[in-house]
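Input: a single structure, listed below in structure tokens.
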Amino acid sequence: METCSFAIYPGTFDPMTSGHVSLIERGLDVFESIVVAVAKDTPKTPLFSLEERVEMAQEVFADNPRVSVEAFHGLLVDYVAEHGTRVILRGLRAVSDFEMEFQMALMNRRLNRHIQTVFLMTDYRWLYISSTIIKEAAKVGGDVSGVVPDLVHERLKKKYAELAGAT
């Protein structure tokens, strides 16, 4: 069985957090490169458009040639296979993540037996953060600096100022 030199790290990244960045950087200790796959299809209602989410992720990793960022839609296993790899990289924060991630990994495996999901535990510093919690805090003026990259922090402030002005 041949090995894979890169992995696909999928998510909505609405917005990208310091936890995501940490996981990608740690994933680069295992894989030669990582494709950050920003999902178009999501049951969530994103704050940022697909284009904005891709752009922010590209800006975060602009200085790292081992990380590329793309939008994707449809089945993740199809996207992974089309890219010539067999590895999905996922992060786990706590036991609460495990059940959902386990179910998704098993379904992906059912859809394509050649694709494996590799899990990395989050760094303890980011255990408590999620994009949802960050958006909730930022929406009411909370300081989320440090838990998101600086450029994401600026985009969050701008987005919520625009939304406040629209009401």
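FYI, it's all coordinate maths here, none of it is from the lab. Keep in mind the model is a prediction, meaning the values are calculated, not measured. Cβ: placed from backbone, ideal geometry, glycine included. Neighbour counts: every protein chain shown.
So the values come out like this:
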item	result
Under Karplus coefficients 6.51, -1.76 and 1.60, residue-wise ³J(HN,Hα) of the range 123-129 in Hz, glycine/proline x	5, 4, 5, 10, 4, 8, 9
Calculated P(r) tail over 26 Å for the range 6-166, as whole % of Cα pairs	24
Cβ-based exposure ranking for S96, S131, in which fewest neighbours within 10 Å come first	S96, S131
Cβ-based exposure ranking for K135, K40, in which fewest neighbours within 10 Å come first	K40, K135
Fewest-first sequence of V144, V95 by Cβ atoms within 10 Å of each Cβ	V95, V144
Inter-site label distance for D97 and H114 at 7 Å from Cα along Cβ, in nm	2.9
Alpha carbon Rg of the range 1-87, scaled by the compact-globule rule 2.2 N^0.38 Å	1.05
Within the chain, helix-based [θ] at 222 nm, where runs of 4 or more DSSP H residues each add -39,500 (n - 2.57), nearest 500	-13000 deg cm²/dmol
Top positive-direction residue, dipole computed over the chain with Cβ charges, set A161, F6, L76	L76
Contact order normalised by residue count of the chain, Cα under 8 Å, 6+ apart, percent	27
Alpha carbon centroid spacing (whole Å) that separates the range 76-120 from the range 122-167	27
